[in-house]
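Only the coordinates and a few stated rules stand behind these numbers; no lab work does. The structure displayed is predicted, hence computed values, not measured ones. Ideal geometry is used to build each Cβ from the backbone, glycine not excepted, and the neighbour counts take in all protein chains shown.
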Amino acid sequence: MFSIKNKWLASWLMTAALLSLTGCGSDSSGSGHGTEPGAQDDDAPVEPAPGGGDGNPGDGDTAQDEADNTFTIAVLPDTQKYARYSPERYYAQTQWIAEHYQDENIKFTAHLGDVVDIPDALQEWDVARVAMGYLENNPDTPYSILAGNHDVLNSGSYDDSRDNAAELYLQYFGPERQQAIYPDNFGGYQQGTNADGHNAPFNTYYTFSDDDGQEYLLLALDWNPSYCDPSWDCEGQYYHLTLEWVKRVLDEHPDTPTILTTHQLLNIDEDGETAIFTEKGARFWNHLIRDHDQIFLTINGHHHGEAVMEANNKFGHKVVMEVVDYQSGYWGGDGMMQLITFNKTQNSLDFRSYSPYVAGLPEAEREDDQEVSRWAFSIPFDFSERFANLNATNPDGSDAVNAEGAIEGSKAYWVLDADHIVGANIEEVPDLSGSGNPLTTGHIGQGDQSDYLIITDDKPPFGYARGSVRFNGNNADGYFLTTAAGANIAQEQRSNGWGGAIQNYTIEATFKLPQDWTPERGDWSGILTNISSIGAVCGYHNFSCGGGDPSQALAISSLREAQWISVNDGGKGSDSFSWDLNRGQWYNVTITNDGHQTLMYVNGSLVMRTGEDEQHGLVVIGGQQQWRLGISSWDSDNSDPFYGNIAEVRITNRVLPVDQWLYYHDNN
């Protein structure tokens, strides 16, 4: 007497045998592909797949029980092991979606790539066709699909440098076929050829709507998208590069909330829990996600396990990023898939992983390692607020940022707390001013970043930061945060028309020195620095001044004084100094310049040694300015890493009224 498991084993063996016969033979056209890619396989299993009956996530409740405007998208992580070894688990996933999409209000299904295990194995592609065919039979169950590294003949090739005619992925799931199946949802695909005559039809996008009529766009992007590194000669090729194509799609849909799916974006750190960017993921973030406000959710597979990262884009809006892939688990994942519910009543994104295959097995016949569900959690998400005024700009053309403390005239604003930093490993600190000056990490000397940069919940009693970053520099070794070389903080013109100036400013920094601070470890270390030396800036602007100190710097002297160094539109002025600062106490240093005089304040009080001469704003090297937090410089090179906590830094191109200073905002 067969158990359900054994019945399915027999069914699978019969199906595999039939697919093997068709795959090894030739059809009437002599293509040798077995089942015609555009046709449904008559040998698909007719017995209900496990999970195709009454199995539902949770305790019988469905996503529709809570509110009519709550809906779900289904996510199929890497199915490669099922296509090769266990088709019934793949069939169970898609058949369950086909039979329960109304109960769960599933509006769309997204496959994350690695559809098959061996890219030229016809039998595996036939299995994938059968599985996805359950969804293709109904226009109300649209899906997207994309190529992972196992789906292309040369996984190291970029999407625009392949022999497309030889790629089975395109023969089985090419864009023309997807468009024919789902004409109401298929939005388009990347067309056109690059300089070598290649194109990249692996990249597609789709649209779908919820019950409120809100339209969503979903990008399905290749595992290895073409792009142009700034160091390469790509002139004339930008139109054909994948990331440029995606930007054009987004520009055509500026008000449409967008989900980005691809095969690799996030990885999982060694702790098995923390999401970190891959090299591709950092590229996606830096050159696409951060700058396009409509992208609110990214989903990728490839890396084994499950993790999620939340980050704020340059507009100050939340982006949720998820990596999920169960192929390394019991039986290649045992049919585990992901369901993401958009709970518009409770304002949350609800995540849950569920196996229709295991749910369809009698409990008595389940192995100990078999799970029906796992990894259920919710992320607060105010849909109305997040989707309002996407990509909004201020009257001056700068990005309108939804962030406390981002005020008119902000040229740079960095909040160093867990709520604003991208990634647990400090992948990036966004610029909340909207001016586009994010910070990334750099280092000097020896050691690992985890030893020198630590995100803490130690927060000051003033300002907006809910924590701080501990910099553990030691005058020789350390990590710091830096803008790109072309930061646009000082863009105004000098009195003679040269660029690289700020005529009026307020610069604010909130920091704390640790109890064990000593001059041997922390003297002359930098809190905020423009790395170009006084001599370099004076030479650039033809001033009669020089020196190896940084041209702009807030530093800590050997006597624990806050020191402000600045080259202004007229040369090097006198430095400002505070009194000696207490260890273990939070301080806010505010420096103002009204075009004539520089004044330093510590915790709201004017210091004695300041404003000794006339100083006209500040100047740097136009177009080459690079600003850094947590380090100083000497002769335009890094020196003296900071030892202490930094919570936030803000640079504004006007003298702020006192009531707008960070120091006077109660942070309790």
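Over the Cα atoms of region 614-668, each weighted equally, I'd like the Debye log10 I(q)/I(0) at q = 0.24 Å⁻¹, rounded to two decimals. Those come out to -1.15, one per q.
Considering only SER226, ASN530, HIS443, the residue lying farthest towards the positive end of the dipole of the chain is ASN530, judged by Cα position with unit charges set on Cβ. Comparing Cα centroids, region 245-271 and region 457-535 end up 32 angstrom apart. Excluding the site residues themselves, the longest part of the chain lacking any chymotrypsin sites (Phe, Trp or Tyr not before Pro) in a DSSP loop with at most 10 other Cβ atoms within 10 Å is 233-668.
The DSSP beta bridges internal to region 242-343 are antiparallel in roughly 55% of cases. 3J(HN,Hα) along region 288-298: 8, 5, 4, 9, 10, 5, 6, 6, 10, 8, 10 Hz, from the Karplus curve 6.51 cos²θ - 1.76 cosθ + 1.60 with θ = phi - 60°, whole Hz, x for Gly and Pro. Couplings 3J(HN,Hα) for region 300-305, derived from phi with the Karplus relation 6.51 cos²θ - 1.76 cosθ + 1.60 (θ = phi - 60°), are 9, x, 6, 8, 5, x Hz, where x marks Gly and Pro. On the basis of the beta-carbon distance and an R0 of 30 Å, GLU279 and ASP368 show a calculated FRET efficiency of 0.20. For THR274, the residues whose amide H sits under 5 Å from its own are ASP269, ignoring neighbours fewer than 5 places away on the same chain, with H placed 1.01 Å from N.
In whole angstrom, note down how far apart the Cα centers of region 371-441 and region 147-218 are. That distance is 30 Å. Looking at region 70-386, what % of its DSSP beta bridges pair antiparallel, to the nearest 5? Rounded to the nearest five, the antiparallel share is 65 percent.
Averaging 1/r over every pair of different alpha carbons in region 70-386 and inverting the result gives a Kirkwood radius of 19.7 Å. Using Cβ point charges alone (K and R +1, D and E -1), the dipole size of region 414-664 about the Cα centre works out to roughly 280 debye. Classify region 414-664 from the C-alpha gyration tensor, please: rounded if a/c falls under 1.5, else prolate or oblate depending on whether a/b exceeds b/c. Taking the square roots of the gyration eigenvalues as a ≥ b ≥ c, region 414-664 is rounded. Take SER328, project a point 7 Å from its Cα along the Cβ direction, then tell me which residues of region 250-282 have their backbone nitrogen under 20 Å from it. The answer is 262-282, whose backbone nitrogens lie closer than 20 Å to the label point. Applying both filters, DSSP loop and at most 15 other Cβ atoms within 10 Å, to the GluC sites (Glu not before Pro) of region 611-668 gives GLU612. Here the gap between GLN102 and HIS287, fully extended at 0.36 nm per residue and compared with their Cα-Cα distance, gives a gain of 62.8 nm. Take ILE454, project a point 7 Å from its Cα along the Cβ direction, then tell me which residues of region 553-596 have their backbone nitrogen under 16 Å from it. Answer for this model: 584. Simple rule: put +1 on each Lys or Arg Cβ and -1 on each Asp or Glu Cβ in the chain, find the dipole, and look at MET337, LEU606, TRP627; the Cα lying farthest toward the positive end is LEU606. When SER636, SER578 are arranged by Cβ crowding within 10 Å, least crowded first, meaning fewest neighbours, the order is SER636, SER578.
Going Cα to Cα from LYS512, which lysines come in below 17 Å? Please leave out same-chain ones fewer than 8 positions away. Straight-distance partners of LYS512: LYS459. Normalised by residue count, the chain yields a Cα convex hull volume of 166 Å³ per residue. The distance between label points at THR440 and ASP635 comes to 2.7 nm (points 7 Å beyond Cα on the Cα→Cβ vector).
Using the Cβ atoms and a cut-off under 12 Å, what net charge is assigned to the surroundings of ASN475, where Lys and Arg are +1 and Asp and Glu are -1? Charge balance in the 12 Å sphere: -3.
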